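Below is one structure; the comments refer to it alone.
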Amino acid sequence: MCWIFAYNWKGNSIPLLIDWLRNLEYRGYDSAWVFWVNTSWKFYLEKSIWKVSNLASKVDHSNSKNTIYTNWIAHTRWATHGKVTLENTHPHTSNNDRFYIVHNGIIENYVELKEELSKKYSFYSETDSEVIAKLVDDLYDWDIKNTLERLIKKLIWAYAIVLIDKEHPDTMVWAKLGSPMIVWLWKDGVFLSSDINAINNVADEFTILEDNETVIVENGKYNVYSLWEIINKQTEKIADDFEIADKWDFETFTEKEIHEVPNVLINALKGRINFENKTITNETLEELNTYDIDSIEIIASGSSYFAGVVWWGWFKELAGIKTEIKISSEFLYEKFLPSTSTLYIFISQSGETADVRESLKMVQQKWCLTFWIVNVVWSTIARMADMWLYSHSWIEVWVASTKNIVWQLAVLLLIAISMWNKRDLQNFEAKHLIEKIWELPNLFKEQLKNKEHYKSLAKKYSKYDNFFYLWRNLMYGTAAECSLKLKELSYLHAECYSTWELKHWPLALITPDFPCIAINPKWKLRDKTISNIKEIWARNWTILWVITQGDTLIDIYDDIIEIPDSHELLNPFLPLIPLWIFSVEIAKELGKDIDKPQNLAKSVTVE
Ligand code: M6R
């Protein structure tokens, strides 16, 4: 998604701007630009579409030491309104070329605004953002603060805006609603970023801006305003273990993140389980059990949604609590029937996903009990709910979410066990399950050693264009997540169906060129599922079975992936690593950019 990085500083900053853009390329974007204006009224702008490397080859790196304060801005655009063209790339300007604006977010009422402003001003781009520049010009009353105040009253969000008036090149103005924004001091400059990960290396502490706050920056100093009064903001310390994205010796970040899974799981469980006496020891979960909850709703999107689907399966199977799982973008606009005996759980890796954030706000406004599970500390969602559990799974950088799901599942499982414990899960059953959870990291390590097998399968299967991922009951979330990953990384078509549903219509698609990945570990419905798969086999479909190690009942297949024998409830964890690596390797066979899938962004901050 779009990302803004801006500062008011005396340093020579073009190389710094480009480095920053490179650091944050993972977010997904399709054009980039850098801009500076200094107090001697000099300015410089360079834009480029597609890769930051295109921009880097164009910019003049030679501007020497600055001795005066200069406003520096870098921005990547992820196209929402208007194609990927230089005209649509920011910054956008007023007709008199005086006001320059940068915008993250979407201005929902831009059509009406544009219609009105078109009577006085000409437009050159297809973007919603350009109306902001024209509107600033229209509203300008010789006081930039007043102008900003009147501007934001007219905009139907969401936005993070940086505004520069070329007549006052010593000043920069920032405003935010919905989109994240943080500010910090470093050396003798003031810095702003719309992504917390940008602060690595260059800050000891920082300030998080809240909605409706604005900032005026001038000569290395800044003031934050709320309702037009200067306010004192609290600063946050950067944690000692704040991590810088590094892919170690791996070919791609995605593979590095998959290889982190065993440690991520250990981290998610550490301090939350007492492995000696096999009990859950977590204050938040204990507190959760003091509430009288008769139903649960889980709200998330993408892979986080599929983690929720697995949990829904666990709960449905065992807990006797009515549980629903909702895609956040739908939940937000369905009729909401608030219930004070429902626990609303929000799951998000980034903690910034717009429709999850807005759903959480909506639920809180009705005074309902909320709980989040988030990875990024200080993210917007992480500062909102009543109760929470962090994953502690370190920075997940690249677009395809992998290790994140494993910690989400681990945390969800802990919630489940703790709630079942309160109800009717027998102590010995809980202890047995906890024992088995603790074995998972080693099982994952073993799976990672089988990479060559998954790779050879990928070589064979990369010749197909269509795939079926088949599941029963508890394996739904896992199958859906694995098929998502194949689509996301290789752009191949994959469907995901319950094996029982096949006879109702999907069998019509049958051809030997439509391979079937049948996820069927040992558990109570294994035998019935085998019968379903045999119906496919009889029709010459190609079958890749995912089965429990040594399962001799399964006698028909083209290929197999064996997963370890564990507790039945833990089966949803076990196909993930093999099928993720399978997808990565197929994508490599097809020459795709694993870390930067086309058209996608890491954190979806606009609705
Ligand atoms: O940060 P979140 O967990 O809220 O993100 C949700 C989805 O955008 C995310 O899982 C997305 O679908 C991934 N690209 C899937 O690999």
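The values are calculated or read from the model by the stated rules, or taken from the named source; none is laboratory data. This structure is a prediction, so every number in the text was calculated from the model and none was measured. Here the Cβ positions follow ideal geometry from the backbone for every residue, glycine too, while neighbour counts run over all protein chains shown. What goes into the accessible areas is simple: the full protein's heavy atoms, side chains included, and nothing from ligands, DNA or RNA. Shrake-Rupley method; radii C 1.70, N 1.55, O 1.52, S 1.80 Å.
Table for the structure above
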read-out	value
Top-ranked residue in the stretch 473-495 [being in contact with a strand residue (DSSP E or B) (Cβ under 6 Å, 6 or more places away or on another chain) and modelled with pLDDT under 95; ranked as nearest to F573 (Cα to Cα)]	M475
Scope the stretch 317-352; condition within 16 Å of the ligand (Cβ to nearest atom), open to solvent by 20 Å² or more (accessible area, probe 1.4 Å) and outside any strand (DSSP E or B); matching residues	S329, E330, L332, E352
Tally, over the stretch 81-124, of residues that are within 19 Å of A175 (Cβ to Cβ), in a loop (DSSP other than H, G, I, E, B) and of a type outside the set (D, E)	8
Answer residue from the stretch 86-108, given it is in contact (Cβ under 8 Å) with a residue 40 or more places away in the chain and open to solvent by 20 Å² or more (accessible area, probe 1.4 Å) and is farthest from K42 (Cα to Cα) among those	E108
Boolean, V356 is assigned by TED's automatic domain parsing to the domain that holds I296 and part of a loop (DSSP other than H, G, I, E, B)	no
Flag if D551 is away from the ligand (no atom under 16 Å from the Cβ), open to solvent by less than 20 Å² (accessible area, probe 1.4 Å), of a type in the set (D, E, K, R) and outside the structural domain of D195 (by TED's automatic domain parsing)	yes
Those residues of the stretch 209-229 which are at pLDDT 90 or above and part of a strand (DSSP E or B), in sequence order	E213, T214, V215, I216, V217, E218, K221, Y222, N223, V224, Y225
Top-ranked residue in the stretch 171-192 [being farther than 18 Å from K10 by Cα and not hydrophobic (A, V, I, L, M, F, W, C); ranked as surrounded by the fewest Cβ atoms within 10 Å (Cβ to Cβ)]	G178
Single residue of the stretch 379-394 satisfying the filter (touching a residue at least 40 places away in the same chain (Cβ under 8 Å) and away from the ligand (no atom under 12 Å from the Cβ)) that is most open to solvent (accessible area, probe 1.4 Å)	W388
Residues satisfying the stated conditions in the stretch 579-592, i.e. away from the ligand (no atom under 14 Å from the Cβ) and either among the acidic types (D, E) or buried (at least 21 other Cβ atoms within 10 Å of the Cβ) (or both)	I581, F582, E585, I586, E589
Residue list for the stretch 358-378, filter: of a type in the set (V, I, T) and within 11 Å of the ligand (Cβ to nearest atom)	I373, V374, V376
Test result for L484, open to solvent by 30 Å² or more (accessible area, probe 1.4 Å) and in a helix (DSSP H, G or I)	yes
Given (1) of a type in the set (V, I, T); (2) buried (at least 23 other Cβ atoms within 10 Å of the Cβ); (3) out of contact with any Pro (no Cβ under 7 Å at 6 or more places or on another chain), number of the condition V310 does not satisfy	(3)
Criterion (of a type in the set (V, I, T), open to solvent by 10 Å² or more (accessible area, probe 1.4 Å) and on the phi < 0 side of the Ramachandran plot) met by exactly one of I164, I156	I156
